[in-house]
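The values are calculated or read from the model by the stated rules, or taken from the named source; none is laboratory data. A quick note: this is a predicted structure, and the numbers were derived from the prediction, not measured. Cβ placement follows ideal geometry from the backbone for every residue including glycine, while neighbour counts extend to all protein chains displayed. Quick note on the areas: whole protein, heavy atoms, side chains included, nothing else; ligands and nucleic acids left out. Shrake-Rupley method; radii C 1.70, N 1.55, O 1.52, S 1.80 Å.
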Amino acid sequence: MITELSAVLEQNDSDAMIRLRRIMDGIDAAVAYVDNQFKYRYANRAFCNVYGLSYEAMTRLDVHTLLGQSSFREVHNYILQALMGERVYYERLVQCGNGELRWMLVQLTPDRVGEKILGYFAVMVDIQDRKRTEQVLSNTSNELRRLLDNMPGPIAYIDQQFCYRYVNRAFCEWIGLSGDCIQGKTVAEVEGEAIFSKLAPSMRRALSGQSVSLERIITHRDGQQNWMYLRYVPDQRSGSDIQGVYAIMSDIQALKETEKKLRQVNWLLDSHINNSPLAVTEWTADFRLVRWSPQAEKIFGWQAEEVLGRRMCDWDFVFPADLPDLKSELERVRNTHSHHAVTLTRNHRKDGTVAYCEWYHSCLYNEQGQLVSILSLAQDISSRVEAEQRLNYLANHDPLTGLPNRSLLHERLKQALARSKRSGKPLALLFIDLDRFKVVNDTLGHKVGDRLLKQVSETLRDCVRGSDTIARLGGDEFMLLLEDQANRDSAAALANKMLLALTQPFYIDDHEIFIGASIGISFYPDDGQDIDNLTKNADVAMYRAKESGSNSYQFFAEDMAQALQQQVVLERSLRSAIEHDQLALLYQPRYEIRGRRLEPVALEALVRWSHPELGLLAPRSFLKVAEDSNLINELGEWVFESVLKALVGLESVYPNIQIAVNVSGRQLRQPHFVPRLEMLCRQYQVKPSHLILEIHEATLLGDHEMLDRLFRQIKQMGISIVIDDFGTGYASLMQLKQLPIDVLNIDKQFIQNLGRNKDDEAITAATLAIAQKLGMRVMAEGVETREQLDFLIAQNCSFVQGFFFGEPQPLQDVMHHLQTPWTFD
């Protein structure tokens, strides 16, 4: 309790301290507070008077010293019971300060804070008169009666049948009946069955030979209620059985009021400490911990019993790096009597986490100017520090992937260039751009795209060393700074490692996603002397890798910059080509296999660009430029109008002919795609059933419900739907079965290897067999040899198309294919 008093003084709550002392010194009972180290921390005036000691002398003692070895052994078990949370009563002879021995009733009440026992309150009540009474009980009956009648407290003698055999005058006054009306009657008859049922267990224990003590509230005749201490003492004479029990009562109302006041005082002190958001600790002059508040337990995790008594340097509480400065500051305060100090430290919690704490230290001195203790109040500022660190982190890291961002990469690259210039060692930049990420983003949505980027980031992290910097520049672009051992061999090995890792499937929800990457590599100093040139040239090399085929890398070379410039020029030229009629359509016939005959049933429209300088360009030369520059919608509009114009002339001559048009995913997802198509068909007066839309398999990665709704709108117009390039890994046959699709078009790479690659033959045969089982028709594009055709016929393929039947030609030149079927020799 003395620690709480110190805390009140430190908080300048003098009024609370004055009230406390007045309350305690005004209590008649002797009251003291002993901590769990058996040291007297507080004693009121009555307690000090019992032992004839001053307050200062009393609070320097412990229980062992005050009582002496023999007496301490007698009460040691009672003290341990109190420290385990049990309220304890016992009686003992106390040698007072004047040498007199007096009997005292001692009550030990635990000082409980939450689940912890910090010490106990010792309350002593003088029972010298009552003990004399008990001693007199062994005298003759007449003497006993005379003495007992003069006792102020109620006394009764109860036999084995629970009958009153004797009651003194005080007992009669308490019951409100004469002795003749009580003696000879049972307890139940005198006090009622309800009270008897409560007292009977204790009386039975006394009749079995135990001395029993209990407390109960007694209601007097005038209605006043008092707390009474009731003691049952067995009447066991030498060599005989127990004849009955003595019921001896003592008024403990004052004791109960003292307990109430003690609880009020304890609440007052605890409210100052426990309601504070600060952790309150107290250290001795040699930095030994003597107080640890509940808030300290909450902040740091250690219970008080785990840390009290420890020196500051004896346990892993303060970070070793912060401990010297902390101790130096406390030493300064102690030696200069500065009284106050503020420090900031990192502290370990019990669970191993770190708390950043701001400490307010205050020194407490005695009247002689000697340091008694240091009261330290700690505020947990971890959230503030973490917020500052988080802001700094967010300023330098990509919020989605956690990788360094462009800003942090620029700073590290700046430092790396400075080191390379000093050491003469090269460094490498690897520019990484994901292949097919836009397809995933456009079809499965941005949420799936974001989750994919997170998985890709983890994959890239696993590929590089801790000394390398892998950063996300934005979108699906990443950059790796390779500083140590940066040469062509190590850069190539690392690029191959990343490419191999990125070709493995990524699993998100129910989707199995395949991507790849294109990597461009530049070196300092060969490919650039500054950050801008190194970055630009790595980007240029990446584009060259993308053009040369997915999932590859390229080192920067001087001619690449020129090629990139040509790409930019190509984009500008494509805009002009749409406006100045430089585009043309060629057509390739499509045949249906009917026994030994191949009937021409459709034409596929293939766009070509008649470039004024570069000549005739195939779609692979400019379609990606159209996609990247968002010209694909304009190009698609031109193709649809051109095909519908062609159908106007064909419908009358070939009424069943169809023309297939390739549609990109971006076109398909235009909000007015279907209404616009309906309007164009009405404008050119063409039946929609003469159109076939060829949709790349990757498009099916999108929202299934949206695709189903869109496909059904297209089918309601009468337009056929073909899934192009099936087998590239974006969709399964079961997914396609759920959509209104007319034909599957097997990817050309499988067809081209028929007769040369057994695996591709097996895949093609299996695809045809499963599709037929599911009631779907299959077309094979890219047929170039008779061997390929024979294989497809043997596998019951529905449609074929390819150079074996003729190259794409202008409409007038290809019309003769529509007049006659293709027959076998």
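Some values worked out for this structure:
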quantity: Whole-percent carbon and sulfur share, accessible surface of the chain, 1.4 Å; calculated: 48
quantity: Global geometry of region 363-476, whether rounded, prolate or oblate, following the gyration tensor of its Cα atoms and the 1.5 cut on a/c; calculated: oblate
quantity: Test item: Cα-centred dipole of region 316-397, Lys/Arg +1 and Asp/Glu -1 on Cβ, debye; calculated: 40
quantity: Relative contact order of region 308-437, pairs being alpha-carbon contacts under 8 Å that are 6 or more residues apart, as %; calculated: 13
quantity: CYS181, CYS163, ranked by accessible area, largest first (probe 1.4 Å); calculated: CYS181, CYS163
quantity: Sequence-separation-based contact order of region 648-776, relative, with Cα cut under 8 Å and 6+ spacing, percent; calculated: 20
quantity: Within region 290-327, backbone nitrogen closer than 16 Å to the virtual label 7 Å beyond the Cα of SER362 toward Cβ; calculated: 291-293
quantity: Gap separating the Cα centres of region 754-808 and region 70-122, nearest whole Å; calculated: 99
quantity: Pairwise FRET efficiency - ASN757 versus SER420, Cβ, R0 = 45 Å, nearest 0.05; calculated: 0.40
quantity: C-alpha center-to-center spacing [region 329-384, region 468-491] in angstrom; calculated: 47
quantity: Binned Cα-Cα distances of region 757-825, short to long, each 5 Å bin given as a whole percent; calculated: 3, 14, 23, 24, 16, 11, 7, 3
quantity: Bridge type composition, the chain - antiparallel percent by DSSP, nearest 5; calculated: 85
quantity: Fraction of alpha-carbon pairs over 19 Å apart in region 391-549 - percent; calculated: 53
quantity: Protection proxy ranking, peptides 362-372, 451-461, 477-487, average beta carbon neighbours within 10 Å, highest first; calculated: 477-487, 451-461, 362-372
quantity: Rel. contact order, % - alpha carbon contacts under 8 angstrom, at least six apart, the chain; calculated: 6
quantity: 1.4 Å probe accessible area per residue over region 311-383, in Å²; calculated: 52
quantity: Region 38-130 - Rg over Rh from alpha carbon coordinates, Kirkwood radius; calculated: 0.95
quantity: Dipole moment magnitude, nearest 20 debye, region 25-91 about Cα centre, only Lys, Arg, Asp, Glu C-beta charged; calculated: 140
quantity: Given charges at Cβ of Lys, Arg, Asp, Glu: the chain dipole, positive-most of TYR591, PHE514, TYR89; calculated: TYR89
quantity: Heavy atoms of PHE726 accessible to a 1.4 Å probe, total area in Å² rounded to 10; calculated: 20
quantity: Largest-first principal axis extents of the Cα set of region 602-675 (Å); calculated: 38, 34, 16
quantity: Proportion of all alpha-carbon pairs of the chain beyond 47 Å (%); calculated: 57
quantity: Theoretical FRET efficiency, 1/(1+(r/R0)^6), r = Cβ-Cβ of SER178 and ASN150, R0 22 Å, to 0.05; calculated: 0.80
quantity: In Å, descending, principal axis extents of the Cα set of region 345-416; calculated: 64, 28, 17
quantity: Full-stretch length increase - SER621, GLN455 - with 0.36 nm per residue and alpha-carbon distance subtracted; calculated: 56.6 nm
quantity: Accessible surface, 1.4 Å probe, highest first, among residues THR764, THR823; calculated: THR823, THR764
quantity: Projected label distance in nm at THR65 and TYR90, using a 7 Å step from Cα toward the beta-carbon; calculated: 2.2
quantity: Where region 618-701 is the region considered: accessible area per residue in Å², 1.4 Å probe; calculated: 44
quantity: Sites ALA188 and HIS340, calculated FRET efficiency, Cβ-Cβ separation with R0 41 Å, nearest 0.05; calculated: 0.05
quantity: Zone of GLU641's modelled label, taken as backbone nitrogen in region 680-699 under 15 Å from a point 7 Å along Cα→Cβ; calculated: 680-685
quantity: Electrostatic dipole magnitude of the chain [Cβ: Lys, Arg +1; Asp, Glu -1; Cα centre; debye, to 20]; calculated: 2180
